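To keep things clear, I will list the structure first and then write my remarks on it.
The values are calculated or read from the model by the stated rules, or taken from the named source; none is laboratory data. A quick note: this is a predicted structure, and the numbers were derived from the prediction, not measured. Neighbour counts run over all protein chains shown; Cβ positions are idealised from the backbone, glycine included. Surface areas here come from the heavy atoms of the whole protein model, side chains and all, with no ligands, DNA or RNA. Shrake-Rupley method; radii C 1.70, N 1.55, O 1.52, S 1.80 Å.
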Amino acid sequence: MPEFLNLLDQGLIEYHDGLRLQNSIHAEVASGSRKDTVILLEHSSVYTAGKRSEDNELPTDGTPVVQTNRGGKITWHGPGQLIGYPIMKLPQPIDVVGYVRWMENVLIEVLRGFGIESKTVKGRSGVWVDTPNGDEKIAAIGIRVSEKITMHGFALNVSNSIEPYEKFIPCGIDDAGVTTMSILLGKEVKLADVAESVMGLMGKIGEHEPAR
């Protein structure tokens with residue numbers, strides 16, 4: 001079971017500060033001086049672009065975008081969204097797809113615990129829910145593997161505004177919307193409660209276990 005570094009009580013953390021923390025912990029895990037560690041935090045509002053992002057998917061109003069070395073395309077992080085950065089050594093042989101499936105499965109179980117049924121969608125990463133408007137994305141996943149150790153991770157929409165998503169094409173998908181736990185449940189969901197569920201289920205479901 002990984003260690004957890006829950007930083008929610010520190011308030012909003014700038015993206016670059018979170019990235020520096022990831023890099024520091026990644027180096028410690030790589031050297032063997034630290035166990036696998038999962039960072040949980042809440043970012044200040046920021047758009048980040050993965051390696052596959054295309055110019056036509058970026059915000060059209062000139063909003064700054066941070067270029068990252070993770071996989072995937074552009075997304076948004078901000079207040080009310082739970083960010084998880086697992087820094088983990090992958091089992092050998094490395095199965096990146098299996099790792100992503102495991103992360104999706106953890107989030108599906110977290111959502112189920114709050115009474116939300118969710119799913120994966122073939123050909124699309126992340127976690128989705130059925131709504132009257134069709135499939136809507138509730139969690140984005142984008143990772144990087146360096147020295148056989150993971151970085152970056154997931155962004156779960158808990159109580160955040162969805163207005164920032166109107167300025168760009170989320171994850172390069174222009175035929176589906178986004179939603180949050182609070183919208184689906186009709187009440188505000190607390191980040192701390194969701195973080196507790198994530199920490200419990202990551203240990204219960206098992207390290208790097210593929211989705212069932």
Exercise for the section: Could you tell me whether Leu40 is in contact with an Asp or Glu (Cβ under 9 Å, 6 or more places away or on another chain) and at pLDDT 95 or above? Expected result: no
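Yes or no, residue by residue, for (1) in contact (Cβ under 8 Å) with a residue 24 or more places away in the chain; (2) more than 24 Å from Ile183 (Cα to Cα):
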residue: Val65; (1), (2): no, yes
residue: Asn69; (1), (2): yes, yes
residue: Ile94; (1), (2): yes, yes
residue: Val97; (1), (2): no, yes
residue: Arg101; (1), (2): yes, yes
residue: Ala140; (1), (2): yes, no
Practice task
Can you confirm whether the stretch 58-69 contains a residue that is modelled with pLDDT of 95 or more, open to solvent by 50 Å² or more (accessible area, probe 1.4 Å) and at negative phi?
Solution key: no
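Let's see how each residue does on (1) in contact with a helix residue (DSSP H, G or I) (Cβ under 8 Å, 6 or more places away or on another chain); (2) over 30 Å from Glu3 (Cβ atoms); (3) not basic (Lys, Arg):
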| position | (1), (2), (3) |
| --- | --- |
| Ile94 | no, no, yes |
| Gly98 | no, no, yes |
| Val110 | yes, no, yes |
| Gly115 | yes, no, yes |
| Ser125 | yes, no, yes |
| Pro132 | no, yes, yes |
| Ile143 | yes, no, yes |
| Thr180 | no, no, yes |
Handout entry: Segments classed as strands (runs of 3 or more DSSP E), wholly inside the stretch 71-182, with at least 2 members that are surrounded by 23 or more Cβ atoms within 10 Å (Cβ to Cβ)
Key = 74-77, 81-87, 124-131, 134-146, 149-157
Problem - Flag for Thr63 being among the β-branched types (Val, Ile, Thr) and either over 12 Å from the mean Cα position of the chain (by Cα) or in a helix (DSSP H, G or I) (or both) - result: yes
Problem - Residue match in the stretch 2-23 (condition: assigned to a helix (DSSP H, G or I), farther than 19 Å from Ala155 by Cα and at pLDDT 80 or above) - result: no
Practice task
Within the stretch 103-124, track down each residue that is in contact (Cβ under 8 Å) with a residue 24 or more places away in the chain and among the β-branched types (Val, Ile, Thr).
Solution key: Val106, Ile108, Val110, Ile116, Thr120
